[in-house]
Amino acid sequence: MNLLITTICNRKCRFCFAKMRLAGKQATPFMSRKMINDVMDMLQKEDGRQLRLLGGEPTLHPEFSEIVDAAIERGLDVLVFSNGMMPEKSIAAIERHPVEKISILCNISPQADDHPSLIKRREEALKRLGCRMVPGVTISNIEEEIDIGQYLESIEKFGMKKQIRVGIAQPIVGKDNEHIHPKDYPKIGGIIVKMARQCIEKEVLLGFDCGMTPCMFSGDQWEVVMTCTSGYRSQCAPIIDLGPDGNLWHCFPLSEVFNEKLSSFSKRTEIVELYEKRMKPFHQFGCSPACVRCKFKRRGLCRGGCLAHAIQGANYSGK
Ligand SMILES: C[S@@+](CC[C@H](N)C(=O)[O-])C[C@H]1O[C@@H](n2cnc3c(N)ncnc32)[C@H](O)[C@@H]1O
């Protein structure tokens with residue numbers, strides 16, 4: 001389960017699928033310590049080992065350091081989804097704990113106009129926390145190629161983990177954000193293969209975010225992708241995100257439909273089971289009309305890409 005501990009963010013990524021849940025649109029900007037403790041109780045009841053913090057920008061929560069300390073005191077590991085543009089207090093809070101206890105997925109996608117002072121903050125975080133970080137990029141536009149070379153340099157310069165997580169921008173059901181349409185997936189395949197070749201040269205692995213499909217790649221491209229990754233999964237399963245107001249959703253692309261309340265459940269597995277059951281009919285469609293005849297999908301090698309496309313295709317707008 002991912003905890004949206006704040007709806008405040010210091011960036012404006014054009015493709016952001018969390019934008020409907022960010023400050024201004026929602027009344028509660030910070031998740032309460034009580035709610036976070038309740039989730040930790042829930043996790044630990046089911047042998048959960050990891051607390052996953054995101055936002056907005058989670059390091060902007062005024063009690064970020066207390067949240068992290070409490071999780072580690074309970075024996076949990078912490079994964080922070082951050083853009084790296086952190087206040088000094090949060091850098092120091094992370095630095096205090098062993099590297100293996102807190103890791104950071106650092107979104108360094110370039111699609112935002114960042115103030116120079118924020119870029120400086122990220123430099124500082126990279127210097128001090130680089131060894132805990134996996135850099136992540138989200139491709140949101142086929143005309144605007146992301147230069148992976150600079151990320152490979154950052155990995156070396158700041159001693160970051162030798163991995164880059166790549167994702168494609170997914171839509172928000174019923175809303176508008178910059179995203180990749182499935183008709184452009186073969187072009188995305190080409191972009192990823194170009195990245196992969198650069199990664200292979202530097203012995204950096206590519207990891208993949210959810211909603212990717214095998215049909216993005218031709219046979220030759222597959223060979224390149226397989227050489228640069230520790231595993232390619234075409235997955236789409238309930239992530240389960242929790243907002244500061246106690247609302248739950250399947251994942252950000254589906255954040256505006258099928259909301260539930262945390263207070264209705266006593267176990268995380270109950271939430272996952274409910275969403276699996278509810279989403280099952282949409283998985284049959286896949287993200288494009290071609291999915292119905294697809295051999296990868298028939299053989300269970302692909303789940304049909306991001307469910308948001310399937311739901312938009314079915315024109316579902318229910319709650
Ligand atoms: C919503 S952000 C919040 C946490 C933090 N502020 C950050 O930038 O990582 C979490 C992750 O979602 C990814 N993301 C945002 N919008 C997306 C979209 N439309 N499709 C796929 N991933 C997206 C970001 O690249 C980032 O890695």
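The values are calculated or read from the model by the stated rules, or taken from the named source; none is laboratory data. Since this is a predicted model, take the numbers as computed values, not measurements. As a convention, Cβ positions derive from the backbone with ideal geometry for all residues, glycine included, and neighbour counts pool all protein chains shown.
Out of the residues in region 21-39 that are farther than 24 Å from F265 by Cα and in contact with a strand residue (DSSP E or B) (Cβ under 9 Å, 6 or more places away or on another chain), state the one that is modelled with the highest pLDDT. Top of the filtered list is L22.
Starting from residues that are among the basic types (K, R) and touching a strand residue (DSSP E or B) at 6+ places or on another chain (Cβ under 9 Å), keep the ones in region 129-179 and report whichever is surrounded by the most Cβ atoms within 10 Å (Cβ to Cβ).
Looking at the filtered set, the residue picked out is R132.
With a requirement of 2 or more residues that are more than 9 Å from the ligand (Cβ to nearest atom) and within 25 Å of E273 (Cα to Cα), the helices (runs of 4 or more DSSP H) lying completely within region 1-116 that satisfy it span 33-45. Within region 162-220, count every residue that is out of contact with any Phe, Trp or Tyr (no Cβ under 6 Å at 6 or more places or on another chain), part of a helix (DSSP H, G or I) and either hydrophobic (A, V, I, L, M, F, W, C) or within 16 Å of the ligand (Cβ to nearest atom) (or both). Here the count works out to 12. Here S234 fits the description: within 16 Å of the ligand (Cβ to nearest atom), touching a residue at least 40 places away in the same chain (Cβ under 8 Å) and in a loop (DSSP other than H, G, I, E, B).
Filtering region 186-203 to residues that are touching a strand residue (DSSP E or B) at 6+ places or on another chain (Cβ under 8 Å), touching a residue at least 40 places away in the same chain (Cβ under 8 Å) and not β-branched (V, I, T) leaves M195, C199.
Of these, E46, E66, E88, which one is farther than 26 Å from P135 by Cβ, of a type in the set (D, E) and at pLDDT 95 or above? Spell out how you get there, then give the answer.
Numbers: E46 fails: at pLDDT 95 or above; E88 fails: farther than 26 Å from P135 by Cβ.
Being farther than 26 Å from P135 by Cβ, of a type in the set (D, E) and at pLDDT 95 or above holds for just one of E46, E66, E88, which is E66.
A search for C-beta distances below 9 Å between a residue of region 245-262 that is free of Cβ contacts under 8 Å to residues at least 12 places away in the same chain and of a type outside the set (D, E) and any residue that is surrounded by fewer than 17 Cβ atoms within 10 Å (Cβ to Cβ) and not in a helix (DSSP H, G or I), counting only pairs 6+ apart in sequence or on different chains, returns W249/N259.
Checking the stated criteria, K120 turns out not to satisfy the condition of being modelled with pLDDT of 95 or more, farther than 26 Å from V137 by Cβ and assigned to a helix (DSSP H, G or I). Against the criterion of being within 30 Å of F258 (Cβ to Cβ), out of contact with any helix residue (DSSP H, G or I) (no Cβ under 8 Å at 6 or more places or on another chain) and of a type in the set (D, E, K, R), D209 qualifies.
The set of residues from region 73-104 being polar (S, T, N, Q) and either in contact with a Gly (Cβ under 7 Å, 6 or more places away or on another chain) or farther than 21 Å from V137 by Cα (or both) comprises just one member, S90. Selection of first residues in region 204-227 that are free of Cβ contacts under 8 Å to residues at least 60 places away in the same chain and more than 23 Å from L105 (Cα to Cα) and of second residues that are part of a helix (DSSP H, G or I) and within 16 Å of the ligand (Cβ to nearest atom), restricted to Cβ pairs under 6 Å at least 6 apart or on distinct chains, gives the following pairs, ordered by first then second residue: M216/Y185; M216/I188.
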